[in-house]
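Novice: First, the structure itself, so that you have it in front of you.
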Amino acid sequence: MTNFTINTVFGSAIVLIIVIFLLNIVKAYLSFAPWVPSFKRDLKRIFKLADLKSGEIFYDLGCGTGRVVAYAAANYQAKAIGLELVLPFYLICKIRQLFSGNKKLIIKYKNLFKENLTKADVIYIFGVPKTINGKLKEKFTKELKPGAKVISYAFKINDWTPVTVDKPGERDLPIFLYIR
């Protein structure tokens, strides 16, 4: 092969990877939300509200690169399940899962609307208000068992009264805790 052919193949592969990545991000946005990671500094606030107990089932819906779900698995004796629809982020999560060696960390390449949430004890979401207050709220109403906790990062769930709103400072994002 000539250098021109190798460069053309390599360049085409890079373009294809970028296109696939962008299409996955669009797919995720249309389904739930664009990828915006939760701040690492807020993990303790999130899990203080979650009050996650040993043996409980924790879901991170649209887990991105897996920061929150991996934290749950590493710091609590709970089954931590992350659902991700963007293939590159899912692969990052699977690598994180592999290196953690934690059997309680489960990552699924799955649309969150196709997951049965009836056994969930705690659900964490960071989605856009339109989706949270539409299809997702309907899903929660149908599937969540009494006492299940929903933690929404940054955005409230309309017509639901939060048990707690954690917003310690003006520059902090609010974290809403709901109990069904």
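Novice: Specify the residue that is surrounded by the fewest Cβ atoms within 10 Å (Cβ to Cβ); the eligible residues are those in region 73-97 that are farther than 22 Å from Ala148 by Cβ and among the charged types (D, E, K, R).
Specialist: In this case the residue turns out to be Lys94.
Novice: Please determine whether any residue of region 132-147 is touching a residue at least 60 places away in the same chain (Cβ under 8 Å) and more than 11 Å from the chain's Cα centre (by Cα).
Specialist: Start the filter on region 132-147 by keeping residues that are touching a residue at least 60 places away in the same chain (Cβ under 8 Å), which leaves 136.
Checking the rest, the ones that are also more than 11 Å from the chain's Cα centre (by Cα) come to 136.
Within region 132-147 (the criterion being touching a residue at least 60 places away in the same chain (Cβ under 8 Å) and more than 11 Å from the chain's Cα centre (by Cα)), the answer is yes, since at least one residue qualifies.
Novice: Quick one: in region 107-121, which of the residues that are of a type in the set (A, V, I, L, M, F, W, C) and not in a loop (DSSP other than H, G, I, E, B) is modelled with the highest pLDDT?
Specialist: My answer is Ile107.
Novice: Name the pairs: first residue in region 88-106 and assigned to a helix (DSSP H, G or I), second residue hydroxyl-bearing (Ser, Thr, Tyr), Cβ to Cβ under 6 Å, at least 6 apart or on different chains?
Specialist: Phe89/Thr65; Tyr90/Tyr109; Ile92/Thr65
Novice: Take the residues of region 101-128 that are more than 15 Å from the chain's Cα centre (by Cα) and of a type outside the set (Ser, Thr, Tyr): which is nearest to Gly62 (Cα to Cα)?
Specialist: Initial filter on region 101-128 (more than 15 Å from the chain's Cα centre (by Cα)): 101-104, 116, 118-119, 121.
The next check asks that each one be of a type outside the set (Ser, Thr, Tyr); those that pass are 101-104, 116, 119, 121.
Working: Gly101: 22, Asn102: 20, Lys103: 20, Lys104: 18, Asn116: 14, Lys119: 18, Asp121: 17 Å.
Ranking the qualifying residues of region 101-128, first place goes to Asn116.
Novice: Within region 119-162, track down each residue that is among the basic types (Lys, Arg) and either out of contact with any strand residue (DSSP E or B) (no Cβ under 9 Å at 6 or more places or on another chain) or surrounded by fewer than 20 Cβ atoms within 10 Å (Cβ to Cβ) (or both). Break it down into steps so the answer makes sense when it comes.
Specialist: Of all residues in region 119-162, those among the basic types (Lys, Arg) come to 119, 130, 135, 137, 139, 142, 145, 149, 156.
Matches in region 119-162: Lys119, Lys130, Lys135, Lys137, Lys139, Lys142, Lys145, Lys156.
Novice: What do you reckon, is Ile157 part of a strand (DSSP E or B) and touching a helix residue (DSSP H, G or I) at 6+ places or on another chain (Cβ under 9 Å)?
Specialist: Numbers: part of a strand (DSSP E or B): no; touching a helix residue (DSSP H, G or I) at 6+ places or on another chain (Cβ under 9 Å): yes.
No, not satisfied.
Novice: Assess whether Asp159 counts as being charged (D, E, K, R), in contact (Cβ under 8 Å) with a residue 40 or more places away in the chain and farther than 24 Å from Lys53 by Cα.
Specialist: On the way: charged (D, E, K, R): yes; in contact (Cβ under 8 Å) with a residue 40 or more places away in the chain: no; farther than 24 Å from Lys53 by Cα: yes.
Spelling it out, it is not the case that Asp159 is charged (D, E, K, R), in contact (Cβ under 8 Å) with a residue 40 or more places away in the chain and farther than 24 Å from Lys53 by Cα.
Novice: Hey, another quick one. Output the residues belonging to region 122-167 that are of a type outside the set (Val, Ile, Thr) and within 21 Å of Arg67 (Cα to Cα). Even if it seems obvious, please write down each step before you answer.
Specialist: Taking region 122-167 as the starting set, the residues that turn out to be of a type outside the set (Val, Ile, Thr) are 124, 126-127, 129-130, 133-140, 142-149, 152-156, 158-160, 162, 166-167.
Tyr124, Phe126, Gly127, Lys149, Ser152, Tyr153, Ala154, Phe155, Asp166, Lys167, listed by residue number.
Novice: Can you pull out every residue in region 58-72 that is at negative phi and either among the β-branched types (Val, Ile, Thr) or crowded, with 24+ Cβ neighbours inside 10 Å (or both)?
Specialist: Initial filter on region 58-72 (at negative phi): 58-61, 63, 65, 67-72.
Those that are at negative phi and either among the β-branched types (Val, Ile, Thr) or crowded, with 24+ Cβ neighbours inside 10 Å (or both): Phe58, Tyr59, Asp60, Leu61, Cys63, Thr65, Val68, Val69, Ala72.
The values are calculated or read from the model by the stated rules, or taken from the named source; none is laboratory data. Since the model is a prediction, treat every value here as computed from it, not as a measurement. Every residue, glycine among them, receives a Cβ derived from its backbone with ideal geometry; neighbour counts consider all protein chains shown.
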